[in-house]
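To keep things clear, I will list the structure first and then write my remarks on it.
The values are calculated or read from the model by the stated rules, or taken from the named source; none is laboratory data. Since this is a predicted model, take the numbers as computed values, not measurements. Here the Cβ is made from the backbone with ideal geometry for all residues, glycine too, and neighbour counts use every protein chain on show.
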């Protein structure tokens, strides 16, 4: 099978969509498929080209994956208008150049961002190929939740485009059960939707791995010089964006700064990072370290310096349907999770008994949870082991990639008249049972 995958983000970028896409593509190549990824020159989150890359059409190969990078307008991950222009430029560039990408059997596009997902519609129609749409966030709901759009006319148009995309794709893959329920509620037939949740590379994120001894000089110079020594370290690892309300973590740090044995570590970049750094300065928070974005290869070492992971989102109903991907990395590294997210994510943590769930944007509850774990090392170890067991049983990325592969194969077969979309769900259940 020849797969054409449209993704705005891809390694060496280190955000969740880049990681999910790359790990799926690598697994598909290992299964004998030809995979072509169409993406941008790496520039997330600062809108600045990574060293060694140029913003132009180019082809490279990584782990057997053919990667086509197309020229786009680049923007930092902040400012609604500039980011929208960046997203639109990718969509139009992919559409206008789609005949340069080679011959394929199926088009897969992923959203967010919204226009990247929509690009799959136009490319598939121009090339006469079936189209699978992956939904990792509900747009426009997620951008409305953070107040990025307020114009009612634009909102109405976006909802119409969203429903149009769901209607015209051949199959939809979502990352949560809640997303599937939402789509069914707006009239999308159940047999057209499959849930493949986020997962984790269990070999890469392993607390017993040799990778724990490997770290870049820049990262080591910040946190390897003793600043975390003999401290209980509560870490937030991921995007510092409008949806995450990370000032809640800083308020919690302020509440317990008398506890000299506790330290907060924030790792990542994003639109809110500079503002958060300013808050740290204003509050004179000596118990907070802001590390900035680091390469993925540093992540196992960073997790090894962590005692508990913090996962947090803004208190809004739309976020009750999401499952942040960093949950799975935390579990794989045997780190208990302090979760400030309601809904499906909370149910997962409670089912696994792998952490403490607190109310989002409640700094007092967050501080109390950090103290509770800092004062109970046995609970930390137990919850950490529970998390590892849980992801090994349910969220091995290689198994999930195989499930995804079956969907793509069924869509291709159905398009050629040899398969049935109604049979997809049955086959997925059988695939999940394969050890």
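What to note about this one:
- The one condition from (1) assigned to a loop (DSSP other than H, G, I, E, B); (2) in contact with a strand residue (DSSP E or B) (Cβ under 6 Å, 6 or more places away or on another chain); (3) free of Cβ contacts under 8 Å to residues at least 40 places away in the same chain that residue 187 does not meet is (2).
- Any chance residue 126 is assigned to a helix (DSSP H, G or I), in contact with a helix residue (DSSP H, G or I) (Cβ under 8 Å, 6 or more places away or on another chain), modelled with pLDDT of 95 or more and more than 22 Å from residue 15 (Cα to Cα): yes
- The selection criterion, being in a helix (DSSP H, G or I) and surrounded by fewer than 19 Cβ atoms within 10 Å (Cβ to Cβ), holds for residue 84.
- Counting only residues that are at pLDDT 95 or above and surrounded by fewer than 19 Cβ atoms within 10 Å (Cβ to Cβ), region 261-274 holds 1 of them.
- Qualifying residue in region 369-378 (condition: crowded, with 24+ Cβ neighbours inside 10 Å and either within 18 Å of residue 196 (Cα to Cα) or at pLDDT 95 or above (or both)): yes
- Selection count, region 249-271, where residues are closer than 23 Å to residue 83 by Cα and touching a residue at least 40 places away in the same chain (Cβ under 8 Å): 3
- Hits in region 29-44 (condition: closer than 16 Å to residue 61 by Cα and crowded, with 22+ Cβ neighbours inside 10 Å): 35, 37, 38, 39, 40
- All strands (runs of 3 or more DSSP E) inside region 302-380 with 1 or more residues being touching a strand residue (DSSP E or B) at 6+ places or on another chain (Cβ under 9 Å), under 24 Å from residue 396 (Cβ atoms) and not assigned by TED's automatic domain parsing to the domain that holds residue 258: none
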